[in-house]
Amino acid sequence: MNEDYFNIEQLPNGSIGTLTGNAEFFSKIVNVPVIKFVEVSSLKQLVKMLALRRLSVILFERVSTMSTIKELNIENIYYKKMGIVPASLAVLNSTEGLMLKTQLDNLLLNLNSEEFFSEFINYTSMNDSGKVSIQ
C-alpha cells in the first residue's frame with residue numbers, strides 16, 4: 001500500500017506475507033532472510049492482512065493475487081514484479097502417468113491458448129510495476 005515498501009531489504013522481520021510453504025522459496029528468489037516472512041493458508045487472508053496493514057508486502061504469483069485484490073475490491077495497492085519463476089507439469093512415471101501425459105499433451109496442443117489464457121495474458125503483459133486496477 002506504499003511503494004516505499006518495495007525496498008524489501010529494509011522491511012522488519014515478519015512483514016512480508018506469502019502462502020504456507022512458500023517463505024523459504026521466495027526468500028531465496030528475492031534474497032532476503034526467511035525470518036522476514038509470515039505464512040498464511042489462504043490468498044484472501046493474505047490480501048486482507050495487507051489491506052489492514054498487518055503486512056507491509058505480500059509476495060505471490062501475480063494473476064491470482066491481482067484477481068483476489070479485484071474480487072475483494074481493495075483499492076490503492078501497488079505491485080512490482082520481483083522475478084520470473086518457470087513452471088511445468090509433471091506426472092508419475094508409470095503406465096497411468098504416461099497415459100495422463102498423452103492426454104494432457106493432446107489437450108494442450110488443441111487448446112486455443114489466446115482465448116483460454118486471455119485473463120492470464122492480460123495480467124502478465126502489464127508493466128513491471130504500478131497500481132492494481134480493481135476495474
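Under the condition of being under 30 Å from Met1 (Cα atoms), open to solvent by 60 Å² or more (accessible area, probe 1.4 Å) and not aliphatic (A, V, I, L, M), the residues counted in region 95-135 number 13. Remark: pairs (first residue in region 112-135, in a loop (DSSP other than H, G, I, E, B); second residue surrounded by 12 or more Cβ atoms within 10 Å (Cβ to Cβ) and of a type in the set (Ser, Thr, Tyr); Cβ separation under 6 Å; 6+ apart in sequence or on different chains) = Val132/Tyr79.
Yes/no per residue for (1) touching a residue at least 24 places away in the same chain (Cβ under 8 Å); (2) touching a Leu at 6+ places or on another chain (Cβ under 8 Å); (3) under 18 Å from Met82 (Cα atoms):
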| site | (1), (2), (3) |
| --- | --- |
| Asn7 | no, no, yes |
| Asn13 | no, no, no |
| Ile16 | yes, yes, yes |
| Lys36 | yes, yes, yes |
| Val40 | no, yes, no |
| Gln45 | no, no, no |
| Ala51 | yes, yes, no |
| Phe60 | yes, yes, yes |
| Val63 | yes, no, yes |
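The values are calculated or read from the model by the stated rules, or taken from the named source; none is laboratory data. Keep in mind that what you see is a predicted model, and the values were worked out from it rather than measured. Here the Cβ is made from the backbone with ideal geometry for all residues, glycine too, and neighbour counts use every protein chain on show. Each accessible area value is taken on the protein alone, full model and side chains, heavy atoms only, with ligands, DNA and RNA left out. Shrake-Rupley method; radii C 1.70, N 1.55, O 1.52, S 1.80 Å.
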